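Report on the structure given below.
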Amino acid sequence: MATGACGINCGVCRLNKEGKCSSCGPGTSEEASRKIAAQVRLLGEPCPVLECAWQRRKAHCLRDCDEFPCDRFQSGPYPFSSSFLLMQERRREMEVDNWRKRTKPLEVDESHWLALERSDPMEVATRSRCLFEGPRGFLLEFLKEGYWIQPFERKVIPDRAGAPFEPYLPLVLVIFLLRSKDIPLAGDMVSERELPGGELFFRHLHRLPTEAISERFGSSPQRFLEIAVSLGGELGGYSPASVKLTPLPRIPLWVHLWPSDEEFEARCNFTFDSTIAEQLPLDVIWALCHVVVQRILYLEENSRAS
């Protein structure tokens, strides 16, 4: 069978057609066993993805393994990109409405760490408006909490013990350091679908988590505003409960909540300064919104428990 355990279909590859490369085959096949032996003989070690699938008797990781995408895929650029793996995680989580319960941090792709490691740290610090302290890395503020981004250690560490640490936060911080631009805000307010490519991207499974705000605070908008202000939010007037948050330098995010009443259910939407499209890719804007919502819910739940 031409499709390998990782999901690559060698039957549509010219290298396979010309006999220059053989398929690994499904993890349950004899083909996989022979490929592992050849890799050990020629390369000194087998492909970790193929080896795992063969040992665990999984034909195809994408279809048969509940742990996909695991660290074996996250640790390197081959065979799938970080954006593809992030899409897989998003859709698998949202199928069971489990995004709020996720606790495992998303692994930042090695290529991003390498790019940050090779960047001029002072140039990064200047345009990202953060602090750089040699071995300690970059200190970046996110919603009034500090986080150290350490490219050589491949780590993101809270500056304060016990600070919230959402699963998508490392990805957001690293990509911000790589992509941020020192440009002025446009001063406008646009929805996610008004961003370039947003009409197609922010649909269905890629919808922003606005319902989490309306469900939790639809009948208690004042509590929402109190939490948002504690995160540095500035009250606005677009809706009965609007607030402007600035989770990262030059990245304002407006959250607009319309409370429920006798006639209408509560609803919520987000708006952005249009320059966010120049600062972050769409999938990281999606991740940023999830981190912000999780931070708000975290503070609300902790306040109720105390």
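Per this entry, Glu93 is not counted among residues that are assigned to a loop (DSSP other than H, G, I, E, B), at pLDDT below 80 and under 30 Å from Leu171 (Cβ atoms). Could you tell me whether the range 16-26 includes any residue that is on the phi < 0 side of the Ramachandran plot, in contact with a Phe, Trp or Tyr (Cβ under 8 Å, 6 or more places away or on another chain), without any contact (Cβ under 8 Å) to a residue 60 or more places away in the chain and buried (at least 19 other Cβ atoms within 10 Å of the Cβ)? No: zero hits. Looking across the range 127-147, the residues that are within 15 Å of Leu248 (Cβ to Cβ) and either within 16 Å of the chain's Cα centre (by Cα) or not in a loop (DSSP other than H, G, I, E, B) (or both) come down to Arg127, Ser128, Leu131, Phe138, Leu139, Leu140, Glu141, Phe142, Glu145, Gly146, Tyr147. Residues in the range 226-282 that are part of a helix (DSSP H, G or I), polar (S, T, N, Q) and surrounded by fewer than 19 Cβ atoms within 10 Å (Cβ to Cβ): Ser230 alone.
Does Glu153 satisfy the criteria of being part of a loop (DSSP other than H, G, I, E, B), over 18 Å from Thr246 (Cα atoms) and of a type outside the set (Lys, Arg)? Answer is yes for this residue. What residue, among those in the range 156-200 that are of a type in the set (D, E, K, R) and part of a helix (DSSP H, G or I), is surrounded by the most Cβ atoms within 10 Å (Cβ to Cβ)? Across the range 156-200, the extreme among qualifying residues is Glu192. Within the range 40-58, the set of residues being surrounded by fewer than 18 Cβ atoms within 10 Å (Cβ to Cβ) and in a loop (DSSP other than H, G, I, E, B) comprises Gly44, Glu45, Arg57.
Of the listed requirements (1) modelled with pLDDT under 75; (2) under 30 Å from Glu215 (Cα atoms), Pro77 misses just one: (2).
The values are calculated or read from the model by the stated rules, or taken from the named source; none is laboratory data. Quick caveat, the model's predicted, so the values are computed rather than measured. Cβ atoms come from the backbone with ideal geometry, glycine included; neighbour counts cover every protein chain shown.
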